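Structure first, then comments.
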Amino acid sequence: MENKDPYSNPRTPKELLSILARGFAMGSADVVPGVSGGTMAFILGIYETLLDAIASVNAQFVRRLVRFQLSAAFAEFPWRFLLALGTGILLAILTMAHFLSVALEHFPTYVW
């Protein structure tokens, strides 16, 4: 059975950029107090894909890593998806944290 989820195995730069942008939105939400990156993942349509990707880290995957069977381990692991998503989240946290701290300092009423 072929996986019909377009995000689970991105191949083109456009697909990777789309996932990176979704990661940026998730990371931006994580920086804001009271807002969840998981909620953003749900809204953006990648929540189930993210859960499946996390669930793919199982005993067989770890065993292959420990035995240095890297090609076999990463053949079934959605590393492109997680790398693009994680990069977007990290970029958002690094860039948005500064803006939020300035906003909290100068405009606390509007931010809170």
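Brief remarks on what is shown
- Applying the criterion of at least 2 residues that are without any contact (Cβ under 8 Å) to a residue 12 or more places away in the chain, exposed (fewer than 13 other Cβ atoms within 10 Å of the Cβ) and of a type outside the set (A, V, I, L, M, F, W, C) to the helices (runs of 4 or more DSSP H) found wholly in the stretch 60-112 leaves 79-106, 108-111.
- On inspection, GLY45 fails the criterion of being in a helix (DSSP H, G or I) and at pLDDT 90 or above.
- Against the test of being at negative phi, of a type in the set (A, V, I, L, M, F, W, C) and within 17 Å of the chain's Cα centre (by Cα), the options VAL57, VAL102, VAL66, VAL62 yield a single qualifying residue, VAL57.
- Within the option set LYS14, LYS4, being more than 11 Å from the chain's Cα centre (by Cα), of a type in the set (Lys, Arg) and modelled with pLDDT of 90 or more holds for one residue only, LYS14.
- Considering (1) closer than 23 Å to LEU16 by Cα; (2) free of Cβ contacts under 8 Å to residues at least 60 places away in the same chain; (3) among the charged types (D, E, K, R); (4) surrounded by 17 or more Cβ atoms within 10 Å (Cβ to Cβ), the lone condition that ASP52 does not fulfil carries the number (4).
The values are calculated or read from the model by the stated rules, or taken from the named source; none is laboratory data. All figures in this text were calculated on a predicted structure; none of them were measured in a lab. Cβ atoms come from the backbone with ideal geometry, glycine included; neighbour counts cover every protein chain shown.
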